[in-house]
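The values are calculated or read from the model by the stated rules, or taken from the named source; none is laboratory data. In this text, all values refer to a predicted model and were calculated from it rather than measured experimentally. What goes into the accessible areas is simple: the full protein's heavy atoms, side chains included, and nothing from ligands, DNA or RNA. Shrake-Rupley method; radii C 1.70, N 1.55, O 1.52, S 1.80 Å.
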Amino acid sequence: MFAGGCAGMCVDLTLFPLDTIKTRLQSQQGFYKAGGFRGIYAGVPSAAVGSFPNAAAFFVTYESSKSFFSGYTTANLAPVTHMLAASLGEIVACLIRVPTEVVKQRTQANPSLNTYR
């Protein structure tokens with residue numbers, strides 16, 4: 001759980017500036033009105049808060065589901081076991097990811113907002 005959370009947080013924080021640029025390019029108000037390259041780390045607190053539990057929830061669910069399903073399937077169905085476990089992991093992770101993504105993207109697209117607002 002801890003390793004998955006740390007890995008997810010490292011990836012999210014490393015790629016955060018690219019995500020901000022992508023969000024501003026997709027903004028209805030246009031890249032420069034959405035902030036351009038200014039405040040490239042706007043919204044990083046919400047990403048940091050949601051990143052660790054999101055990744056941890058995925059990996060815990062994935063590993064638990066994979067162990068559970070492998071007891072009921074044969075070796076030739078291993079890909080199906082991994083697919084089901086990953087799908088369940090994503091469903092659980094989305095419960096955490098979606099609200100934090102909404103806050104993060106609103107902050108990225110409108111630099112005058114802060115994470116708390």
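Computed quantities for the displayed model
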item	result
Alpha carbon convex hull of the chain, volume per residue in cubic angstrom	104
With all protein chains modelled, accessible area of PHE31 [1.4 Å, Å²]	30
Relative contact order for the chain, counting Cα pairs under 8 Å that sit 6 or more residues apart, in percent	36
Centre separation in Å (Cα based) which lies between the range 4-42 and the range 57-91	32
For the chain, accessible area per residue (1.4 Å probe, heavy atoms of protein chains only), Å²	63
Carbon/sulfur fraction of accessible area - the chain, other protein chains in place, 1.4 Å, %	69
Rounded to the nearest 10 Å², the accessible area of ILE91 at probe 1.4 Å	110
Degrees separating the helix 78-109 axis from the principal Cα axis of the chain, which is the longest one	10
